[in-house]
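J.: Quick one: the structure is below, and I'll ask about it shortly.
Any read-out appearing in this document is the output of simple, stated calculations on the displayed coordinates, not a laboratory observation. Bear in mind that the values here come from a model prediction, so they are computed numbers and not experimental data.
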Amino acid sequence: MSALNDVINLQKRQQSRYNELKQGILNKITDKIAHLAKHGEMRCVYTVPSYVFGSPKYNVAEITMYLYYVFKKEGFCTVVLGNDKLFISWDINDINTSNSTKKKKNKLFDIKPLININK
């Protein structure tokens, strides 16, 4: 019975470390957004690191989708650009464009409508 408890405790510790990793990456990107917003920026592209020193191995695409859903739930305009890249915008125009596009289509596959080329 002791071996079973050891295995279960090991799994709990691994899951706990994985959740701490996800929260740490989320905190880093939140800090980056706060810094950019303080300096007048309205958009950013974030690349999820392929590894974090001292952390367990993880699936980059899974972390990217986790971040996508978290920011989407918070009301940001978010587009997945690849397995490891997210476009995040907190500009009201982009959020409105994204919401109106979401009503027409389920997914937004291109960020061209969100980028102002004339700048």
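J.: If you plug each phi of the range 28-33 into the Karplus form 6.51 cos²θ - 1.76 cosθ + 1.60 with θ = phi - 60°, what whole-Hz ³J(HN,Hα) values come out, in order, with x for Gly and Pro?
T.: 5, 5, 5, 5, 5, 5
J.: Could you tell me the relative contact order of the range 2-111? Use alpha-carbon pairs under 8 Å, at least six residues apart, and round to a whole percent.
T.: 22 percent
J.: Here's a follow-up. Counting C-alpha atoms alone, how compact is the range 43-82: give Rg to one decimal and Dmax as a whole number, in angstrom.
T.: In order Rg, Dmax, the Cα atoms of the range 43-82 give 11.2, 32 Å.
J.: Given Cα positions, please report Rg to Rh for the range 1-98, the hydrodynamic radius being the Kirkwood one.
T.: Using only Cα positions, Rg/Rh for the range 1-98 is 1.11.
J.: Karplus couplings for the range 10-25 from phi (6.51 cos²θ - 1.76 cosθ + 1.60, θ = phi - 60°), rounded to Hz, Gly and Pro as x?
T.: These are the phi-based 3J(HN,Hα) values: 4, 5, 5, 5, 5, 5, 5, 5, 5, 5, 5, 4, 4, 5, x, 5 Hz.
J.: Taking Lys12 as the anchor, which aspartates and glutamates have their alpha carbon closer than 14 Å to its alpha carbon, excluding any fewer than eight residues away along the same chain?
T.: Partners within reach: Glu20.
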